[in-house]
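Peer 1: After the structure tokens below, expect a handful of questions from me.
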Amino acid sequence: DTAVSQTPKYLVTQMGNDKSIKCEQNLGHDTMYWYKQDSKKFLKIMFSYNNKELIINETVPNRFSPKSPDKAHLNLHINSLELGDSAVYFCASSQVPSRRETQYFGPGTRLLVL
Amino acid sequence: SQQGEEDPQALSIQEGENATMNCSYKTSINNLQWYRQNSGRGLVHLILIRSNEREKHSGRLRVTLDTSKKSSSLLITASRAADTASYFCATRGRNDYKLSFGAGTTVTVRA
């Protein structure tokens, strides 16, 4: 049973295209996140939703738009892809606030923009 | 901005040896967490230590926290080849829901 799943695992696309990444968690958590991990492995929070409400929105270009149809899903849509968007994107979920507030990560989506 | 910074960036040890890595952070925290990332995989939570705790153990892992120095250390005892991974510290601020991660320490355990 996969706790946090992401699709696709790999995404290779041309500059200027629009693409979406999907995330689902079956842990019953209220909070979900999107992170970007660059080539130096630095992991940066992009967005977070709690019960379908946006609670964290870091300085991310408007080309990135998260959507949470329900609390088990958080998708990321990227418009007009640029070379600098190439990275690994991780979805995560947690139960916040809680004493068990660790985050559970998906396997990542490796995006390569050509 | 990046909150945690791990040191060293990379560590290579022989199987059976201990591995120690450090994390420094800048602002007051509610808790500090350590995660492991195997190559090509997502992060896996290892251990959480709260700001009022000084030391925690979990199996072969030992974490310390010194809030006066704004630093933490992760010790892996009796390392195994399977411990080869990148290790990240992450901090949660006092009035913050988000975790701020460092860039990690890459540990290689040689058989």
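Peer 1: For the stretch A:38-51, what are the residues that are within 8 Å of another protein chain (Cβ to nearest Cβ) and not small (Gly, Ala, Ser)?
Peer 2: Residues satisfying the conditions are A:Lys40, A:Lys41, A:Phe42, A:Leu43, A:Lys44, A:Ile45, A:Asn50.
Peer 1: If I go through the stretch B:74-91 residue by residue, how many of them are away from every other protein chain (no Cβ under 14 Å) and either surrounded by 14 or more Cβ atoms within 10 Å (Cβ to Cβ) or among the polar types (S, T, N, Q) (or both)?
Peer 2: 7
Peer 1: On to the next question. Report yes if B:Arg36 is outside any loop (DSSP other than H, G, I, E, B), basic (Lys, Arg) and more than 9 Å from every other protein chain (Cβ to nearest Cβ), otherwise no.
Peer 2: Judged against the criteria, B:Arg36 is a match.
Peer 1: Here is a further query. Quick check on the stretch B:87-110. Is at least one of its residues more than 17 Å from A:Leu43 (Cβ to Cβ), aliphatic (A, V, I, L, M) and over 14 Å from the mean Cα position of the chain (by Cα)?
Peer 2: yes
Peer 1: Look at the stretch A:56-103 and say how many of its residues are modelled with pLDDT under 95, of a type in the set (Ser, Thr, Tyr) and either farther than 27 Å from B:Asn95 by Cβ or more than 12 Å from the chain's Cα centre (by Cα) (or both).
Peer 2: Residues in the stretch A:56-103 being modelled with pLDDT under 95, of a type in the set (Ser, Thr, Tyr) and either farther than 27 Å from B:Asn95 by Cβ or more than 12 Å from the chain's Cα centre (by Cα) (or both): 4 in total.
Peer 1: Within the stretch A:24-37, restricting attention to residues that are open to solvent by 60 Å² or more (accessible area, probe 1.4 Å) and outside any strand (DSSP E or B), which residue is farthest from the other protein chains (Cβ to nearest Cβ)?
Peer 2: A:Asn26
Peer 1: Quick test of your reading of the structure: A:Tyr10 fulfils all but one of (1) at pLDDT 95 or above; (2) under 23 Å from B:Asp96 (Cα atoms); (3) aromatic (Phe, Trp, Tyr). Name the failing condition by number.
Peer 2: Unmet for A:Tyr10, out of (1) at pLDDT 95 or above; (2) under 23 Å from B:Asp96 (Cα atoms); (3) aromatic (Phe, Trp, Tyr): (2).
Peer 1: Something else now. Which pairs have Cβ atoms under 7 Å, sit 6 or more apart or on different chains, and link a residue in the stretch B:92-105 that is more than 7 Å from every other protein chain (Cβ to nearest Cβ) to one that is charged (D, E, K, R) and open to solvent by less than 40 Å² (accessible area, probe 1.4 Å)?
Peer 2: Correct list of pairs: B:Gly102/B:Glu6; B:Thr105/B:Glu6.
Peer 1: So, one more: What strands (runs of 3 or more DSSP E) lie completely within the stretch B:56-103 and have 2 or more residues being in contact with a Gly (Cβ under 6 Å, 6 or more places away or on another chain)?
Peer 2: Counting at least 2 such residues, we get B:85-93.
Peer 1: Identify, please: which residue in the stretch A:72-99 is over 19 Å from B:Gly42 (Cα atoms) and within 13 Å of chain B (Cβ to nearest Cβ) and is, among those, least open to solvent (accessible area, probe 1.4 Å)?
Peer 2: Among those residues, the one meeting the criterion is A:Val96.
Peer 1: Moving on. Just one of the numbered conditions (1) free of Cβ contacts under 8 Å to residues at least 12 places away in the same chain; (2) out of contact with any strand residue (DSSP E or B) (no Cβ under 7 Å at 6 or more places or on another chain) is not true of B:Lys56; which one?
Peer 2: (2)
Peer 1: Could you check, for the stretch A:52-71, whether at least one of its residues is over 23 Å from B:Gly102 (Cβ atoms) and either touching a Pro at 6+ places or on another chain (Cβ under 6 Å) or within 11 Å of chain B (Cβ to nearest Cβ) (or both)?
Peer 2: Looking through the stretch A:52-71, none of the residues is over 23 Å from B:Gly102 (Cβ atoms) and either touching a Pro at 6+ places or on another chain (Cβ under 6 Å) or within 11 Å of chain B (Cβ to nearest Cβ) (or both).
Peer 1: Of the conditions (1) touching a residue at least 24 places away in the same chain (Cβ under 8 Å); (2) closer than 28 Å to A:Ala87 by Cβ, B:Lys70 fails just one. Which one is it?
Peer 2: With respect to (1) touching a residue at least 24 places away in the same chain (Cβ under 8 Å); (2) closer than 28 Å to A:Ala87 by Cβ, B:Lys70 is out only on (2).
Peer 1: If we scan the stretch B:42-52, do we find a residue that is more than 10 Å from chain A (Cβ to nearest Cβ) and either surrounded by fewer than 18 Cβ atoms within 10 Å (Cβ to Cβ) or part of a loop (DSSP other than H, G, I, E, B) (or both)?
Peer 2: yes
Peer 1: For A:Met15, which of the numbered conditions (1) buried (at least 19 other Cβ atoms within 10 Å of the Cβ); (2) touching a helix residue (DSSP H, G or I) at 6+ places or on another chain (Cβ under 8 Å) fails to hold?
Peer 2: So the condition that A:Met15 fails would be (1).
The values are calculated or read from the model by the stated rules, or taken from the named source; none is laboratory data. Being a predicted model, the structure only gives us computed values, none of them experimental. Quick reminder, even Gly has a Cβ in these numbers, built from the backbone with ideal geometry, and neighbours come from all protein chains shown. What goes into the accessible areas is simple: the full protein's heavy atoms, side chains included, and nothing from ligands, DNA or RNA. Shrake-Rupley method; radii C 1.70, N 1.55, O 1.52, S 1.80 Å.
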